Amino acid sequence: MDIKSELVTLQSYTERNSFFNIPIYQRLYVWNEVQINTLLWDLHNAINEKSYYLGGIMLSKNTDNYDLIDGQQRFTTLWLIGYVLKNALSDFLYFIENKEKRGRITFSIRDFANEYFQNPSQQVFSDKDAEQELQPVTEALKTITRFFEENNISEEEKEKLSEFIFKKVQLIATTIPPSTDENRLFEVMNNRGVQLQHHEILKGELLNEIKFDEDYFVYAKLWEACSLMDEYIEKNIKEVAGLSWKELTFSSDEEEREVGLPTDIKSIIRTKLSSKNRNDADRSSLLKILTENKWEEPDENEEDYGYDSGQIRSIISFPMFLLHCLRVFLFKKQKEGFKVNNIEIKEKKMLQIFHESFFQFIKSSGIPRAELVKEFLDLLWLARVQFDKQVIKWVQNEDTERHSIKRLYLNKDALQRRELDTNEGFALLQSMLYHSQQIVTHYWLTPFLYHLTQNNGTKANYNYLRKLDNAMFCSNIQGDLRERSWELIGKDLNNIEYDINVLDKHKGTGYWSYWFYKLDFILWYYRTNFLLFEGFLDQQDQWNEYRMTAKNSVEHISPQNPKDYDDNLVWNEKDSVENKNRKINDFGNLVLLAKNINSEYSNKIFTVKKSEFEAKSKSKRIDSLKSALIFEHRIWSWEKCQAHREKMKDLFNKYLLETRSSNNNLN
C-alpha cells in the first residue's frame with residue numbers, strides 16, 4: 001500500500017463504518033477551554049458556508065480499524081461536540097460490531113478510557129488515576145455544553161450545526177502503509193515540533209506516481225530545492241544534490257558575466273546520483289521524506305568558487321508557489337483542449353485543491369499519470385528558476401529589508417547575486433503590486449509566471465508586467481481577481497480598454513489603496529521629466545531613492561474636523577453637507593499613509609501636516625510621492641485640490657496609453 005490522501009467528512013467515515021484507535025504512545029486529550037471555544041465559534045460562524053476545512057489527520061490502516069497517528073486532538077474534540085449536540089452527529093459517535101454498540105474512538109491499553117467513551121455522562125470513577133487522566137475530557141464536555149447555553153444557541157441552530165459538522169466539515173486524511181514504523185514516525189513528528197506539512201504529503205503522493213521511473217531521485221532533489229523558498233535556487237540545488245558550483249556553471253574568464261543554471265540540470269543530477277546507493281523499496285516512504293538528510297555530501301578536496309547571495313526571504317510561501325504553478329499547468333492543459341477548473345489560491349486548502357484538480361485530471365485525462373507528474377515537476381523547476389531571476393525578494397540591508405531583484409554573476413573565482421540599476425523600475429513595479437494586493441493570494445503572479453516560463457528577456461518581462469498590471473486593475477475586465485488573472489494568462493494585452501473613472505468618484509477612505517500605490521509608481525516612472533517640468537529638481541535624489549512601504553490608511557489632507565482654525569480647507573461654511581463631503585473625499589485631497597502615521601495626522605491642519613512631512617522627509621526617505629507634490633503648495637484649497645486631481649489623472653492616462661503602445665522602450 002502506498003501513501004494515500006483523500007478529502008473526508010465524518011459522514012463518509014460513518015457510512016464506511018470506520019472506527020479509530022488512539023495508540024498508546026499518544027497523549028489522551030489536552031485541549032483547553034480557549035482552543036475548544038475557538039473551534040466552536042469558527043464552526044458556528046461557518047455554518048452557512050459550503051464547507052469548512054479543519055486540516056489534516058494521519059492514519060495507519062490496521063485489519064479492522066485505523067490508528068490515528070496525527071490529528072487526535074481535533075478528531076476527539078469533534079466526537080465530544082457530537083456527544084453534546086447529538087442530532088445528525090449521533091451516527092458518528094458509535095458503530096456496530098457483532099450487534100453491539102461501541103464508541104467510534106477507542107484507546108489502546110486504556111480500558112478505563114474506552115468505558116468512559118461508551119457513555120461519558122453516566123461514568124462514575126472508582127480509580128483516582130483514571131479520573132485524573134480523563135479530567136481534560138470531562139472539562140471539555142462542560143466547556144462545550146456551556147458554550148451553547150451561555151450563547152443562547154437554540155435547538156434549531158444546534159440541529160443545523162450538527163448537520164453542518166457531520167456533512168460539511170472536511171479533513172485531509174493521509175493513510176500511510178501498514179509497514180511504517182508508527183512509533184518512529186510519531187517520534188520524528190514530535191521532534192520536529194510541527195505537524196507534517198501538506199506540501200510534504202503532496203511530495204510523497206507525486207513521487208509515488210513515478211516511483212518506478214529512473215529519474216525518481218532526480219525529481220525528488222528538484223522538488224526539495226524548489227521547496228526552500230528563503231534561499232536562491234542555485235544554492236538549494238547545489239546542496240540537496242551534492243553538486244559543486246563548477247558542475248552547475250563554469251567560467252575561465254576574468255570578466256564578470258551574468259549566468260544561469262544549466263538547462264540539462266536533470267542530466268547533471270542523474271550523473272551525480274548514479275554513484276550513490278539507493279534503496280528502491282524506500283522511494284515513497286513517508287519516514288524517508290521526514291528523516292532523510294536533505295543535503296548530499298559534495299566531493300571533498302574539490303576546488304570550487306566562492307558564493308555570496310546575502311540574506312533573503314521569499315514574498316510567497318512554497319504552498320502558494322505550488323498553487324500558482326498548478327494554475328499555469330492547468331491553463332496549459334486547457335490550451336491543449338482539456339476541460340480544467342480555474343483553481344483558487346488558498347494555502348490552507350492546498351492539498352485539497354491538488355486532489356480536486358490535479359489528481360482528478362491525471363486520472364481522467366487518458367495520458368499516463370507518471371508523464372503528467374513529471375511534466376508538472378519540470379514546470380515547477382522552470383518556474384522556480386525564473387521566479388528567483390525575475391521576481392522580487394525581501395533582501396536584508398543592514399537593519400532593514402527592502403524589495404530587490406538580484407541576478408547571478410560569475411567571474412573566474414566567485415559567484416555572487418547582485419542588484420542592477422537597470423532592474424529598479426521592474427522591482428518597484430512588483431513592490432507596488434506586492435503591497436497593494438492580498439498578501440495571501442497575489443493572483444497577478446499566475447499570468448506573470450506563465451509569461452516567464454515562455455520568455456527570458458528582462459526588458460520584455462518588465463514591459464509585459466506593466467501591461468498586465470494595467471489590464472488586471474485599470475480595465476473593465478469582469479470578475480474577481482481569480483477570474484481576471486485566469487482570463488489574462490497568455491493573452492494579447494495590447495488592446496485592453498482602460499478605465500480610471502473611479503478617480504472622479506469622491507470615495508474618500510473607500511478608495512482602494514492600489515490607486516495610491518499605482519500613482520506613486522507612475523510619478524517615480526516619469527520622475528525626471530516631471531520634476532523638471534514642475535521645477536522640483538532639488539527633489540531628484542529623494543525621488544530616485546523612493547521605495548514602496550506598507551501603507552493601508554487613507555488620510556484627508558484637508559481634515560474633516562480640523563483641530564484648530566484652518567484657512568487651507570477645501571470646503572467652506574456655505575457648502576451643503578453633501579458638497580462638503582464631496583470635496584473632502586475627492587481623490588485630490590487624499591493620500592495613503594501607514595496606520596500609525598494616519599493616527600498622528602488625524603485632524604491636524606494643513607500647515608502642521610506640511611511642516612511635519614517636510615521635517616520627516618529631510619531625515620528619511622519620502623514616504624509618499626503624492627504627498628510630496630501636495631506639500632509643495634504653500635496653501636491648500638478646493639481649486640488646488642481639483643488641479644492636483646486632474647494633473648494626476650492626466651499622468652495616469654499618459655502612462656496607460658504609452659504602456660499599451662510600448663515595446664521595450666523603458667525608463
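The values are calculated or read from the model by the stated rules, or taken from the named source; none is laboratory data. As the structure is a computational prediction, the values presented were derived from the model and not from experiment. Neighbour counts run over all protein chains shown; Cβ positions are idealised from the backbone, glycine included.
For region 318-374, what are the residues that are assigned to a loop (DSSP other than H, G, I, E, B) and of a type in the set (S, T, Y)? Don't jump to the end; show me each part of the working.
As a first pass, look at region 318-374 and keep what is assigned to a loop (DSSP other than H, G, I, E, B): 336-346, 365-368.
Within region 318-374, just S365 meets the criteria.
Scan (1) farther than 25 Å from I557 by Cα; (2) in contact with a strand residue (DSSP E or B) (Cβ under 6 Å, 6 or more places away or on another chain) for the single condition F516 breaks and write down its number.
(1)
crowded, with 19+ Cβ neighbours inside 10 Å and part of a helix (DSSP H, G or I), is that true of I165?
yes
Within region 565-576, can one find any residue that is of a type outside the set (D, E, K, R) and under 35 Å from the mean Cα position of the chain (by Cα)?
Scanning region 565-576, I find no residue that is of a type outside the set (D, E, K, R) and under 35 Å from the mean Cα position of the chain (by Cα), so the answer is no.
Across region 84-129, what is the number of residues that are of a type in the set (V, I, T) and modelled with pLDDT of 85 or more?
Residues flagged as of a type in the set (V, I, T) and modelled with pLDDT of 85 or more within region 84-129 amount to 3.
Keeping to region 435-448, report how many residues are in a helix (DSSP H, G or I) and surrounded by fewer than 24 Cβ atoms within 10 Å (Cβ to Cβ). Even if it seems obvious, please write down each step before you answer.
Taking region 435-448 and keeping what is in a helix (DSSP H, G or I), we get 435-436, 445-448.
After this cut, where a residue has to be surrounded by fewer than 24 Cβ atoms within 10 Å (Cβ to Cβ) as well, the list is 435-436.
Summing the residues that are in a helix (DSSP H, G or I) and surrounded by fewer than 24 Cβ atoms within 10 Å (Cβ to Cβ) in region 435-448 gives 2.
Since V137 meets every condition but one in (1) surrounded by fewer than 17 Cβ atoms within 10 Å (Cβ to Cβ); (2) touching a Ser or Thr at 6+ places or on another chain (Cβ under 9 Å); (3) at pLDDT 80 or above, which condition does it not meet?
Here V137 clears every test but (1).
Given (1) surrounded by 20 or more Cβ atoms within 10 Å (Cβ to Cβ); (2) not in a helix (DSSP H, G or I), where does L377 come up short, assuming only one miss?
The one condition L377 does not meet is (2).
Which count do you get for residues in region 1-48 that are part of a helix (DSSP H, G or I), surrounded by 18 or more Cβ atoms within 10 Å (Cβ to Cβ) and among the hydroxyl-bearing types (S, T, Y)?
2
If W394 meets every condition in (1) surrounded by fewer than 20 Cβ atoms within 10 Å (Cβ to Cβ); (2) in contact with a Lys or Arg (Cβ under 9 Å, 6 or more places away or on another chain); (3) assigned to a helix (DSSP H, G or I) apart from one, which number is that one?
(3)
Has region 484-507 got at least one residue that is within 18 Å of N552 (Cβ to Cβ), of a type outside the set (K, R) and buried (at least 16 other Cβ atoms within 10 Å of the Cβ)?
So far as region 484-507 goes, no, none of its residues is within 18 Å of N552 (Cβ to Cβ), of a type outside the set (K, R) and buried (at least 16 other Cβ atoms within 10 Å of the Cβ).
From the set of residues in region 513-554 that are under 29 Å from the mean Cα position of the chain (by Cα) and without any contact (Cβ under 8 Å) to a residue 60 or more places away in the chain, which is nearest to K467 (Cα to Cα)?
Top of the filtered list is N552.
For region 412-427, name all the residues that are surrounded by 21 or more Cβ atoms within 10 Å (Cβ to Cβ) and either outside any helix (DSSP H, G or I) or out of contact with any strand residue (DSSP E or B) (no Cβ under 8 Å at 6 or more places or on another chain) (or both).
L415, R417, F426
When the residues of region 611-644 are filtered to those that are of a type in the set (D, E, K, R) and over 35 Å from the mean Cα position of the chain (by Cα), which remaining residue is surrounded by the most Cβ atoms within 10 Å (Cβ to Cβ)? So that I can check it myself, show each step before the final result.
Step one: filter region 611-644 for residues of a type in the set (D, E, K, R), giving 612, 614, 616, 618, 620-621, 623, 626, 632, 634, 639-640.
Subsequent filtering for residues that are over 35 Å from the mean Cα position of the chain (by Cα) retains 612, 614, 618, 632, 634, 639-640.
Numbers: E612: 15, E614: 12, K618: 8, E632: 13, R634: 10, E639: 9, K640: 19.
Only one residue tops the list, namely K640.
Would you call K626 assigned to a helix (DSSP H, G or I), at pLDDT 90 or above and farther than 19 Å from L519 by Cα?
no
Please work out if A615 is at pLDDT below 90 and either assigned to a strand (DSSP E or B) or among the small types (G, A, S) (or both). Can you show your working first?
On the way: at pLDDT below 90: yes; either assigned to a strand (DSSP E or B) or among the small types (G, A, S) (or both): yes.
When the stated conditions are applied, A615 passes them.
With K574, K609 as the choices, which residue is outside any helix (DSSP H, G or I), among the basic types (K, R), assigned by TED's automatic domain parsing to the domain that holds S513 and at pLDDT below 95? Steps first, answer last, please.
Numbers: K609 fails: outside any helix (DSSP H, G or I).
After ruling out the rest, the residue left standing is K574.
Across region 53-92, which residue is surrounded by the most Cβ atoms within 10 Å (Cβ to Cβ) among those that are polar (S, T, N, Q) and assigned to a helix (DSSP H, G or I)?
First, the residues of region 53-92 that are polar (S, T, N, Q): 60, 62-63, 65, 72-73, 76-77, 87, 90.
Remaining after also requiring assigned to a helix (DSSP H, G or I): 72-73, 76-77, 87, 90.
Details: Q72: 22, Q73: 15, T76: 24, T77: 21, N87: 16, S90: 14.
Restricting to residues being polar (S, T, N, Q) and assigned to a helix (DSSP H, G or I), the top hit is T76.
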